[in-house]
Each structure stands twice: as C-alpha cells, then as structure tokens.
C-alpha cells in the first residue's frame, strides 16, 4: 500500500479545470495527478462513543480503498458511521468550478466486495452551508451499487443532495429522536435545501460515508467527477427479435423462449431493464429523462423492442425457492400435488428445457424435505429439497405442458 497522505503539489496553486472533452470534470483521483489528488483522512464514530471502525488506504493500482464495519452506537441503539474525507481545519483544498453541472450528476467510479451494503453516502462542503452540531455543514446523498463486484459508475443527481441531513441517520427524510424533522431537496419551500450554482462553484471538501446501516463495507474508488449525466435512450432492438420475432404486445405467445439468467440482477442482458421497471406512457405522454437516472418516466407503447420480455421468463430458476408462481393464475387455489385444475390448464412450453417459465424447475427436480429438514444450498441451481409448506408450485405436479 502507498502512503495515504497524498498531498496536492501545491495547495495554494489554482486548480486546473480538469475538464475532459466529453463534458466530465474530474474532482478527485488517487494517482498523484495535480489538481485532483488530495490528502484523505478517515474518522469513525468512536469520537462520539460508538464502536465502528474503518480504514482508508491508497492501493498499488492508484485507487482509494475505504473499508471497515459500521456498528451500533450503544447509547443511541442505532448504527453509527465511518467516513473518509479531504476536509481539514484549514480548508485549503480547492476544487474545480462545476456550477455548469447543476442539472447534472456527481459520478463515482467504484467497485465493492460488499455491493449490497446500503449505507454508502457522499458529501461535499461549500461556502455558506449551515454548520452542523459536530462539524461543518455539507450537502449529502446516499447511493447504491449494482449487485456485482465489477467496476461500475454511479451517477448521483445534484438534485438528490440536501444540506439538511440528520446527524443520527445521515438521511434527509428522517425525524431525529429530539423531534426535529429533516428535509430533502425539492420544490417550493424545499428548494432552499438544494445545492445552488454558487455552492458548486466553491466546493472545498469531499467525503465518502458508511452511515446509518450496520454491517461490513468495502468501497474501492478510482475517481470522483461531475458531468451533465448520461442519458441513455431506450433501446429500439433487443434479443426479443430473435427469441420471439412476431411479438408486438406484452401478451404475445413465446412458449419455448426464455431470457438469460434468473432475475434482473443476474441476467447478462439488461437491454430490457427499463421495460421491466416502467409503466407504459399514457396517450400523449412522452418519456421524461433525468440526468443520472437510467430510465425515463415511462415506456412508449409504440416501441416494440422489449415486448417479449413481458411474455417470457428467465432461463434459470430463481436463486432462492419461489414463494409465488404462475400456478396462482393457471390453477388458482391449488395447495396440494393432487389438486384439480381448470379444464385445459397447462404450463407454457414443451418441456423443462423448452419453456418460457422456469420458476418451478427446482420443484420438478427435487424431493420434498423430510420432517425437520430444511433446504440447503450448496452452490448448485437448486437446494437439497423442497419445503412441503411452500405451495407455490404444487400445480406443476398435475399440469402438463401446453405444446405437448
């Protein structure tokens, strides 16, 4: 590990714009570059009687590694915090003027061995922010990661930041034990909690937090930047054109096709992710895009690129045994393996290897757990047995496939 005390070549020098041709302004890196390399200092809640612990180091790959464990503060009976920041008593750090990006995003290129940890936050200080009880004021926002351990870029709209965050939770939408209600950036009277162009013109420190959520955390940071935020247009093509070429409505029939993976998080093809998450646009409504958000407000029904995604399932069974399945609509009320289903009821497809719905694959492959036995996962597609108390797939035992 390199020494964490990386200093600017000259703190009194004027910071270069660090703006790239693609409309991104670099704020912080860990590679020694002039104008973006700062001294980062780690601090934990033991200063307030807590038990959290953390560490920050510069890796051999010129990245910053922030890791540790956020613990319950005994006297608060709530999770505390760990943080790392460029803040100092002298506030000599100078960051580029990013006031032109007020409608844009702050971006972190990161990877994590704890991607499901939900207590990550980023904060920045600037002139004229009201001071906190235990330190200088800052604008703060939480962020989440995709559930993988690969490099990813997280974009956080500046409209997600508020200076009125709780020192108990780090969030802007909670009420303190004292009764004080905090406020997020918004419209009307809540607009006063939002960053302004003047704030973004005079940033004087950055911070990364693990806060308000107990658990181990690890975050490797390659860079922090600002941009107008990328707006990705909705796809006009997808693998639907191969899997189910004639599908032009969400209720089309594609009984022998399936989408790779077991769910939206695990699939290798996320082309239709927005289709899965969005409602259709109403008559006359257009999708509205927000910088930093992957999906707009709605999906135009005339865009047929992903229609088959509504009609097919994933090729692999769920990572955990399902608690619901198509049985609830194909054979309502079925709670045993010898139930009676409506005449003509059938499971889509030709076989386990040729169906659009693999939800009940493990039910078909497993025996029932014995008394007192629990399903054990050993890294395979299915666990060791199926809990007989789980009625999600009982109808699968009495149904045939539709295409046989």
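The values are calculated or read from the model by the stated rules, or taken from the named source; none is laboratory data. These numbers were taken from a predicted model, which means no experiment stands behind them. Please note: Cβ atoms are built from the backbone with ideal geometry, for glycine as well, and neighbour counts cover all protein chains shown.
Tell me which residues, restricted to segment 378-394, are out of contact with any helix residue (DSSP H, G or I) (no Cβ under 9 Å at 6 or more places or on another chain) and over 12 Å from residue 365 (Cα atoms). So that I can check it myself, show each step before the final result.
Looking only at segment 378-394, we keep the residues that are out of contact with any helix residue (DSSP H, G or I) (no Cβ under 9 Å at 6 or more places or on another chain), and these are 378-380, 384-385, 387-389.
Listed by number, the residues that qualify are 378, 379, 380, 387, 388, 389.
Quick one: which of 269, 248 is within 30 Å of residue 380 (Cβ to Cβ), part of a loop (DSSP other than H, G, I, E, B) and assigned by TED's automatic domain parsing to the domain that holds residue 236?
After ruling out the rest, the residue left standing is 269.
Can you tell me which residues in segment 51-98 are buried (at least 22 other Cβ atoms within 10 Å of the Cβ), over 26 Å from residue 127 (Cα atoms) and modelled with pLDDT under 85?
Result: no residue meets the conditions.
For segment 303-321, does any single residue satisfy the condition of being more than 20 Å from residue 260 (Cβ to Cβ), free of Cβ contacts under 8 Å to residues at least 40 places away in the same chain and either in the same structural domain as residue 243 (by TED's automatic domain parsing) or out of contact with any helix residue (DSSP H, G or I) (no Cβ under 6 Å at 6 or more places or on another chain) (or both)?
Within segment 303-321, none of the residues are more than 20 Å from residue 260 (Cβ to Cβ), free of Cβ contacts under 8 Å to residues at least 40 places away in the same chain and either in the same structural domain as residue 243 (by TED's automatic domain parsing) or out of contact with any helix residue (DSSP H, G or I) (no Cβ under 6 Å at 6 or more places or on another chain) (or both).
Show me the helices (runs of 4 or more DSSP H) found entirely inside segment 273-340 where at least 1 residues are loosely packed, with under 15 Cβ neighbours inside 10 Å. First the steps, then the outcome.
On the way: elements: 273-277, 308-311, 327-330.
Fully inside segment 273-340 and qualifying: 273-277, 327-330.
Yes or no, residue by residue, for (1) buried (at least 17 other Cβ atoms within 10 Å of the Cβ); (2) more than 29 Å from the chain's Cα centre (by Cα):
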| position | (1), (2) |
| --- | --- |
| 232 | no, no |
| 236 | no, no |
| 239 | yes, no |
| 247 | yes, yes |
| 257 | yes, no |
| 262 | yes, no |
| 266 | no, no |
| 269 | no, no |
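Are any of the residues in segment 24-31 closer than 12 Å to residue 222 by Cα, at pLDDT 50 or above and surrounded by fewer than 16 Cβ atoms within 10 Å (Cβ to Cβ)?
Yes; the residues of segment 24-31 include at least one that is closer than 12 Å to residue 222 by Cα, at pLDDT 50 or above and surrounded by fewer than 16 Cβ atoms within 10 Å (Cβ to Cβ).
Whether any residue in segment 158-174 is part of a strand (DSSP E or B), assigned by TED's automatic domain parsing to the domain that holds residue 112 and touching a helix residue (DSSP H, G or I) at 6+ places or on another chain (Cβ under 6 Å) is what I want to check. Give the steps one after another, and end with the answer.
Within segment 158-174, the subset part of a strand (DSSP E or B) is 162.
Filter once more, so that each one left must be assigned by TED's automatic domain parsing to the domain that holds residue 112: 162.
Filter again for touching a helix residue (DSSP H, G or I) at 6+ places or on another chain (Cβ under 6 Å), leaving 162.
Checked against the condition, which is being part of a strand (DSSP E or B), assigned by TED's automatic domain parsing to the domain that holds residue 112 and touching a helix residue (DSSP H, G or I) at 6+ places or on another chain (Cβ under 6 Å), segment 158-174 yields at least one hit.
Take the conditions assigned to a loop (DSSP other than H, G, I, E, B) and in contact (Cβ under 8 Å) with a residue 40 or more places away in the chain and apply them to residue 216. Does it pass? First the steps, then the outcome.
Details: assigned to a loop (DSSP other than H, G, I, E, B): no; in contact (Cβ under 8 Å) with a residue 40 or more places away in the chain: yes.
No, not satisfied.
Do you know which residues across segment 117-128 are surrounded by fewer than 18 Cβ atoms within 10 Å (Cβ to Cβ) and in contact with a strand residue (DSSP E or B) (Cβ under 9 Å, 6 or more places away or on another chain)?
Listed by number, the residues that qualify are 118, 127.
Here's the yes/no breakdown for (1) under 28 Å from residue 271 (Cβ atoms); (2) outside the structural domain of residue 278 (by TED's automatic domain parsing):
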residue	(1), (2)
296	yes, no
299	yes, no
355	yes, yes
363	no, yes
391	no, yes
395	no, yes
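Which of the residues belonging to segment 100-119 are part of a loop (DSSP other than H, G, I, E, B) and more than 15 Å from the chain's Cα centre (by Cα)?
Initial filter on segment 100-119 (part of a loop (DSSP other than H, G, I, E, B)): 102-104, 112-119.
Within segment 100-119, 102, 103, 104 meet the criteria.
So, in segment 199-213, how many residues would count as being assigned to a strand (DSSP E or B) and either assigned by TED's automatic domain parsing to the domain that holds residue 296 or closer than 23 Å to residue 33 by Cβ (or both)?
Here is the first cut: in segment 199-213, the residues assigned to a strand (DSSP E or B) are 203-211.
Imposing the further condition that a residue be either assigned by TED's automatic domain parsing to the domain that holds residue 296 or closer than 23 Å to residue 33 by Cβ (or both) reduces the set to 203-208.
Residues flagged as assigned to a strand (DSSP E or B) and either assigned by TED's automatic domain parsing to the domain that holds residue 296 or closer than 23 Å to residue 33 by Cβ (or both) within segment 199-213 amount to 6.
Can you find, within segment 187-198, the residue that is nearest to residue 228 (Cα to Cα) among those that are out of contact with any helix residue (DSSP H, G or I) (no Cβ under 7 Å at 6 or more places or on another chain) and part of a loop (DSSP other than H, G, I, E, B)?
Top of the filtered list is 196.
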